1. Please tell me if ALA94 is more than 30 Å from ALA165 (Cβ to Cβ), aliphatic (A, V, I, L, M), within 21 Å of the chain's Cα centre (by Cα) and at pLDDT below 75.
2. Can you report the number of residues in the range 122-167 which are in contact (Cβ under 8 Å) with a residue 12 or more places away in the chain, charged (D, E, K, R) and surrounded by fewer than 17 Cβ atoms within 10 Å (Cβ to Cβ)?
3. Can you pull out every residue in the range 168-190 that is in a helix (DSSP H, G or I), in contact (Cβ under 8 Å) with a residue 12 or more places away in the chain, farther than 23 Å from ILE132 by Cα and not acidic (Asp, Glu)?
4. Restrict the check to the range 26-46 and report whether at least one residue is under 16 Å from GLY156 (Cα atoms) and at pLDDT 85 or above.
5. So LEU80 ticks every box in (1) touching a strand residue (DSSP E or B) at 6+ places or on another chain (Cβ under 9 Å); (2) closer than 26 Å to LEU166 by Cα; (3) modelled with pLDDT of 75 or more but one. Which box is left unticked?
6. If you scan the range 57-78, which residues turn out to be under 21 Å from ASP249 (Cα atoms) and either buried (at least 20 other Cβ atoms within 10 Å of the Cβ) or of a type in the set (Asp, Glu) (or both)?
7. Can you tell me which residue within the range 223-237, out of those that are in contact (Cβ under 8 Å) with a residue 60 or more places away in the chain and surrounded by fewer than 19 Cβ atoms within 10 Å (Cβ to Cβ), is nearest to ALA165 (Cα to Cα)?
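The values are calculated or read from the model by the stated rules, or taken from the named source; none is laboratory data. From a predicted model like this one, the values you see are computed outputs, not experimental measurements. Neighbour counts run over all protein chains shown; Cβ positions are idealised from the backbone, glycine included.
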Amino acid sequence: MTQTPEAAAPGLALGQPGVRTDHPEPLWVQAADSVRERIASGELRSGSRLPPERELCRLLGISRVTLRKALQALVEDGALASSHGRGWYVSGGADTRNEWPNSLESFSETAERMGLEATSRVLQARIAPSTIDDAELLGIAPGLPLFRLGRVRMLGGVPIALDWALIPAALLPDADAHDFATASLYEALTAAGNELANAETTIEAREAGPDIAAQLGVEAGTPTLVMHQVVRNRSERAVLASTVQYAGDRYRLRTYFARHNRTETP
């Protein structure tokens, strides 16, 4: 299994001051408040990983049962997220400014808005002929060259998603000039003269297979959200097709619905 870098909290001193047994509030409430204070102060950044539970118990001076109750309360509040076998992560809280928007926004733009650093591990970046399915998806002739880009997308060093993108090579002639470990694909497409206007999106739930799980640093069978998207320009020409598979406990989709008044037909 490929090990991926994680954003841990270096030098965390949660136990200074420690949880007080003579305090009227329950120990788990004090422990949860201690973590909240450090999230609010910026000591624990959004996307960072907390120390292991054993270390947290030692720092806070509480049992694992008490710790689990505190951490679960923080998950219910939206302050933390858990990852099976990987630990506990700061999720950014319930502040709607940190939620993923309805507007068409790149991963890098989202990260910047959240105050995080977006990086990628590039798995593939090459030109290859389009298949019949690719051509139908993008509205091009079969066999025309496509730029194929595969990346593990990360926020603060934490793997968030596996992203596979297809772009007609003619729309991104300088693809090899970009280092997509840090460069934004949307910015590269825009700089090449492509105006991104809208995206047709489908989202489905799927368990992570062994290969996907290894890339995301989760256990096989972990729930994921798979987003299929075709991005078009103002002329409704397909510019980009992508399939992005998100670790289910590290991604939250926020949307908005409005009910339109229906007029009665006489």
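1. Working: more than 30 Å from ALA165 (Cβ to Cβ): yes; aliphatic (A, V, I, L, M): yes; within 21 Å of the chain's Cα centre (by Cα): yes; at pLDDT below 75: yes.
When the stated conditions are applied, ALA94 passes them.
2. Start the filter on the range 122-167 by keeping residues that are in contact (Cβ under 8 Å) with a residue 12 or more places away in the chain, which leaves 122-130, 134, 137-140, 142-167.
With the extra rule that they be charged (D, E, K, R), the set shrinks to 126, 134, 148, 151, 153, 163.
Now drop any that are not surrounded by fewer than 17 Cβ atoms within 10 Å (Cβ to Cβ), which leaves 126.
So the count comes out to 1.
3. Of everything in the range 168-190, those that are in a helix (DSSP H, G or I), in contact (Cβ under 8 Å) with a residue 12 or more places away in the chain, farther than 23 Å from ILE132 by Cα and not acidic (Asp, Glu) turn out to be LEU185, TYR186, ALA188, LEU189.
4. As a first pass, look at the range 26-46 and keep what is under 16 Å from GLY156 (Cα atoms): 39, 42-46.
Subsequent filtering for residues that are at pLDDT 85 or above retains none.
Within the range 26-46, not a single residue is under 16 Å from GLY156 (Cα atoms) and at pLDDT 85 or above.
5. Looking at each condition in turn, LEU80 falls short on (2).
6. We begin by selecting, within the range 57-78, every residue under 21 Å from ASP249 (Cα atoms); these are 67-78.
Those that are under 21 Å from ASP249 (Cα atoms) and either buried (at least 20 other Cβ atoms within 10 Å of the Cβ) or of a type in the set (Asp, Glu) (or both): LEU67, ALA70, LEU71, LEU74, GLU76, ASP77.
7. So in the range 223-237, the residues in contact (Cβ under 8 Å) with a residue 60 or more places away in the chain come out as 230-231, 237.
Then drop every residue that is not surrounded by fewer than 19 Cβ atoms within 10 Å (Cβ to Cβ), which leaves 230, 237.
Values: VAL230: 10, ARG237: 16 Å.
If we take residues in the range 223-237 being in contact (Cβ under 8 Å) with a residue 60 or more places away in the chain and surrounded by fewer than 19 Cβ atoms within 10 Å (Cβ to Cβ), then VAL230 is nearest to ALA165 (Cα to Cα).
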